[in-house]
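Take a look at the structure set out below.
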Amino acid sequence: MYQFFVEDDQIGEDIIQIIGSDVNHMKNVLRMKPGEHVRISNQSGRDFLCSVEALSDDVVTLHIEKKDIPGTELPAKIYLFQGIPKGERMETVIEKAVELGVYEIIPVAMKYCVVKLDEKKAEKKVARWQEIARSAAKQSKRSIIPKIHPLMSFKEAAEYAMQCDRRLVPYENEEGMTATARAFEGLTDVGSISVFIGPEGGFAEEEIDALRADSQVISLGKRILRTDTASITMLSMLMMHLEMCNSIEPR
């Protein structure tokens, strides 16, 4: 079943109207026919089961069959603060992070980032990254499209992370997994979690010291992971932990 996203004003009492580029995609690429079912989500996280009612050149009309069907979001909002990596690694991080359930992604300019983006380049990058997030959200049948923030300085990012209930920082020089296990045990019934991932060059000493004051610094094991691997590993661990905790019924 295909997934599409709409704005609130496209949703009526019994119908949803698809407009824009999705019309061509549904009609001419997917060659959808009346009666076929699709899953529709809005940015508020509501999910609908719909059937195609009619297709024209400008609009696809859907009939709402079920409202507020079970969603696909994690029980906690995960904010990924990613030190900008080089090449196409950021695109990989965004695609996989969206598939794994991230809520927002914040690109961060850190001291040891190899890539330095000026304002004009950063704007173009963010626009492309948001499209990658949208595509990944469709593919993984997310209930929302995660927001890709404009590039932040380390200071701005650290301040923004303070809104989260828990702040986790995987760090390559941290030893032992005991602190990691304890950090995950403390995530039950937490509403939001921030995750800081350093760039290829790692965290600067002053950056990790600043984060230690208000965050839990943890290890991801004995091996040194690339920045994109660290992000995917951390989010995979969080996804499994949160999904399992949410599925365990109280005795």
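The values are calculated or read from the model by the stated rules, or taken from the named source; none is laboratory data. This one's a predicted model, so the numbers in the text were calculated from it and none came from an experiment. Cβ coordinates were reconstructed from backbone atoms using ideal geometry, including for glycine residues, and neighbour counts include every protein chain displayed. Only protein heavy atoms, including side chains, enter the accessible area calculation; ligands, DNA and RNA are left aside. Shrake-Rupley method; radii C 1.70, N 1.55, O 1.52, S 1.80 Å.
Summary of computed values
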quantity	calculated
Test for Lys86: is it touching a residue at least 60 places away in the same chain (Cβ under 8 Å) and open to solvent by 70 Å² or more (accessible area, probe 1.4 Å)	yes
Cβ-Cβ under 7 Å pairs, at least 6 apart or on other chains, region 124-136 side without any contact (Cβ under 8 Å) to a residue 40 or more places away in the chain and part of a helix (DSSP H, G or I), far side loosely packed, with under 14 Cβ neighbours inside 10 Å and of a type outside the set (Asp, Glu)	Val126/Pro150
Output for region 92-129, where each listed residue is surrounded by fewer than 16 Cβ atoms within 10 Å (Cβ to Cβ) and among the acidic types (Asp, Glu)	Asp118, Glu119, Glu123
Those residues of region 137-166 which are open to solvent by less than 40 Å² (accessible area, probe 1.4 Å) and outside any helix (DSSP H, G or I), in sequence order	Ser140, Arg142, Ser143, Ile144, Ile145, Pro146, Ile148, His149, Met152, Cys164
Cβ-Cβ under 9 Å pairs, at least 6 apart or on other chains, region 175-186 side within 10 Å of His241 (Cβ to Cβ), far side open to solvent by 30 Å² or more (accessible area, probe 1.4 Å) and among the hydrophobic types (A, V, I, L, M, F, W, C)	Phe184/Met237
Any chance Glu91 is more than 26 Å from Gly191 (Cβ to Cβ), at pLDDT 95 or above and under 19 Å from the mean Cα position of the chain (by Cα)	yes
Wholly enclosed strands (runs of 3 or more DSSP E) of region 34-107 bearing at least 2 residues more than 28 Å from Ala230 (Cβ to Cβ)	37-42, 47-55, 60-67
Test: residue in region 212-231 that is touching a residue at least 24 places away in the same chain (Cβ under 8 Å), under 30 Å from Val38 (Cα atoms) and surrounded by 15 or more Cβ atoms within 10 Å (Cβ to Cβ)	no
Yes/no for Tyr171 being open to solvent by less than 80 Å² (accessible area, probe 1.4 Å) and over 17 Å from the mean Cα position of the chain (by Cα)	yes
Lone unmet requirement of (1) open to solvent by less than 20 Å² (accessible area, probe 1.4 Å); (2) over 26 Å from Met240 (Cα atoms) for Gly198	(2)
Filter pass, Thr178 being under 26 Å from Glu95 (Cα atoms) and more than 16 Å from the chain's Cα centre (by Cα)	no
Odd one out for Glu206 among (1) open to solvent by less than 50 Å² (accessible area, probe 1.4 Å); (2) at pLDDT 95 or above	(1)
Region 153-168, residues that are aliphatic (A, V, I, L, M) and under 17 Å from the mean Cα position of the chain (by Cα)	Ala157, Ala161, Leu168
